[in-house]
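I have a structure here, written as structure tokens, and I will follow up with some questions on it.
The values are calculated or read from the model by the stated rules, or taken from the named source; none is laboratory data. If you're wondering where the values come from, they're calculated on a predicted model, not measured in any experiment. Ideal geometry is used to build each Cβ from the backbone, glycine not excepted, and the neighbour counts take in all protein chains shown.
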Amino acid sequence: MRILLLVASLLGSVGVGTQASAQAPSRSLAPVIDLHVHAGAGREGSPYYEVYDGETPDDAFLRSALADLDTNGVVLAVVGGPAAHAERFRAAAPDRFLGAVAFPCTGGQDPNLQQCFEGGGDWPDLGWLRAEAEAGRVSALGELYNVYAGVPVDGAEMAPYIALAAEHDLVVLAHADAGPPPEGRRPGCCPNFDGSLGDPAHWGPVLERHPTLRLVLYHAFRPEYVESAIGLMDRYSNVVVETSPMTRVPTPLVHAALARFAEAGHGDRVVFGSDYPGAVAGSLAVIESAPLSEAQKRAILYDNAARFLRLGEADEDEGP
């Protein structure tokens, strides 16, 4: 709740008062909410590898990620990834990040070959996850790597995690696409990869069991999966979509998906996600150049996510 109450104070000044972020925006920016940010380790070859004196690579990654949000007007982001790194991001700027836990992994590693959990394994301990949710450190599950791990979303292995999300009203962040293709994966990644599991239709049985589950369908740009996503959205008002990675997918494909969601009457349930480090500006440019009205673009960049995350409820809880 404290995170929600602090959002309003960020709208006037996008800069964040933490040591991890020193870069303030150079111009007045409309606020943006990013529902798809990845935490991780700083390492050579990443956009954020430049290390200042006295910094570790991990510190540099976090500092640069926050500066990227500042520069582009992002006031709130959902950050997932290896559990320890997602919590490191959230703890450094709890007024900017909602924490998420990504799984299931393969051989203890995520698709970027980072260790998912400090104790090893491919799944978070349910007792630990419950405690983290109750403490407010985990607000979402995801990105869910079912496609990478070859694990069906509607199967027995996922069931207790989905039930926990429904019980604690955690947002679920689903990889809902057939990609990336083999050339887009790290060498050694994902021997059990199954792109067919990315079809949003697999979430139908899950939502039948948990109809109030808040679900974000990541990567909803592929035409056949757009139609599948619309089928879910027609039945469940708590399903939203985003169209990343907008800096790696042909822009006409993304624009066609955005137009189709609007045509289907779901323009109020498209949210913004940047996905890749350093991709906020490029992703914003794709949205801003889309064949949509200014009101529709503003809804995608902030309003739809604010409603989905129930940010307005903070004010209501405070009373007059």
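Inside region 235-256, can you point out the residues that are more than 18 Å from Ala100 (Cα to Cα), of a type outside the set (A, V, I, L, M) and crowded, with 21+ Cβ neighbours inside 10 Å?
Correct list: Thr243, Pro245.
Pro31 fails exactly one of the following numbered conditions: (1) modelled with pLDDT of 95 or more; (2) surrounded by fewer than 17 Cβ atoms within 10 Å (Cβ to Cβ). What is the number of that condition?
(2)
Looking at Ala306, Ala314, Ala262, Ala285 in this structure, which one is at pLDDT 95 or above and either out of contact with any strand residue (DSSP E or B) (no Cβ under 9 Å at 6 or more places or on another chain) or assigned to a strand (DSSP E or B) (or both)?
Working: Ala306 fails: either out of contact with any strand residue (DSSP E or B) (no Cβ under 9 Å at 6 or more places or on another chain) or assigned to a strand (DSSP E or B) (or both); Ala314 fails: at pLDDT 95 or above; Ala262 fails: either out of contact with any strand residue (DSSP E or B) (no Cβ under 9 Å at 6 or more places or on another chain) or assigned to a strand (DSSP E or B) (or both).
From the options Ala306, Ala314, Ala262, Ala285, the qualifying one is Ala285.
Here's something else I'd like to know. Is there a residue in region 59-71 that is modelled with pLDDT of 95 or more and at positive phi?
No, there is no match, as no residue in region 59-71 is modelled with pLDDT of 95 or more and at positive phi.
Kindly indicate which of Pro111, Pro57, Pro104, Pro82 is out of contact with any helix residue (DSSP H, G or I) (no Cβ under 7 Å at 6 or more places or on another chain) and under 26 Å from Asp194 (Cβ atoms).
Pro82
Looking at (1) under 30 Å from Gly184 (Cα atoms); (2) part of a loop (DSSP other than H, G, I, E, B), which is the only condition Ala256 fails?
(2)
Assuming His255 fulfils every condition listed in (1) touching a Ser or Thr at 6+ places or on another chain (Cβ under 8 Å); (2) within 30 Å of Ala156 (Cβ to Cβ); (3) not hydrophobic (A, V, I, L, M, F, W, C) apart from one, which condition is it?
Result: His255 passes all but (2).
Out of (1) within 19 Å of Pro180 (Cβ to Cβ); (2) free of Cβ contacts under 8 Å to residues at least 60 places away in the same chain; (3) surrounded by 23 or more Cβ atoms within 10 Å (Cβ to Cβ), what's the single condition that is false for Gly142?
(2)
Please give the number of the condition Gly107 fails out of (1) within 19 Å of Val216 (Cβ to Cβ); (2) surrounded by fewer than 18 Cβ atoms within 10 Å (Cβ to Cβ); (3) not β-branched (Val, Ile, Thr).
(1)
A further question follows. At least 3 residues that are at pLDDT 95 or above and within 25 Å of His38 (Cβ to Cβ) in each: list the helices (runs of 4 or more DSSP H) lying fully within region 153-242 that qualify. Quick ask: steps written out before the conclusion?
Details: elements: 159-168, 203-209, 223-235.
By residue number, 159-168, 223-235.
Yes or no, residue by residue, for (1) surrounded by fewer than 21 Cβ atoms within 10 Å (Cβ to Cβ); (2) in contact with a Gly (Cβ under 6 Å, 6 or more places away or on another chain); (3) in contact (Cβ under 8 Å) with a residue 24 or more places away in the chain; (4) over 25 Å from Ala306 (Cα atoms):
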{"residue": "Gly179", "(1), (2), (3), (4)": "yes, no, yes, yes"}
{"residue": "Pro182", "(1), (2), (3), (4)": "yes, no, no, yes"}
{"residue": "Asn192", "(1), (2), (3), (4)": "yes, yes, yes, yes"}
{"residue": "Gly204", "(1), (2), (3), (4)": "yes, no, yes, no"}
{"residue": "Pro211", "(1), (2), (3), (4)": "yes, no, yes, no"}
{"residue": "Leu217", "(1), (2), (3), (4)": "no, no, yes, no"}
{"residue": "Phe221", "(1), (2), (3), (4)": "no, no, yes, no"}
{"residue": "Met233", "(1), (2), (3), (4)": "no, no, yes, no"}
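Which is under 25 Å from Arg185 (Cβ atoms) and small (Gly, Ala, Ser), of Gly267, Gly273?
Details: Gly267 fails: under 25 Å from Arg185 (Cβ atoms).
After ruling out the rest, the residue left standing is Gly273.
Further question on the same structure: Read through the list (1) of a type in the set (Asp, Glu); (2) at pLDDT below 95; (3) part of a loop (DSSP other than H, G, I, E, B), then give the number of the only condition that Asp275 fails.
In the conditions (1) of a type in the set (Asp, Glu); (2) at pLDDT below 95; (3) part of a loop (DSSP other than H, G, I, E, B), Asp275 misses (2) alone.
With respect to Gly127, is the statement that it is in contact (Cβ under 8 Å) with a residue 24 or more places away in the chain and either over 20 Å from the mean Cα position of the chain (by Cα) or surrounded by fewer than 23 Cβ atoms within 10 Å (Cβ to Cβ) (or both) true?
Answer is no for this residue.
Further question: Restrict the check to region 156-166 and report whether at least one residue is in contact with a Phe, Trp or Tyr (Cβ under 7 Å, 6 or more places away or on another chain) and buried (at least 21 other Cβ atoms within 10 Å of the Cβ).
No - not one qualifying residue is present in region 156-166.
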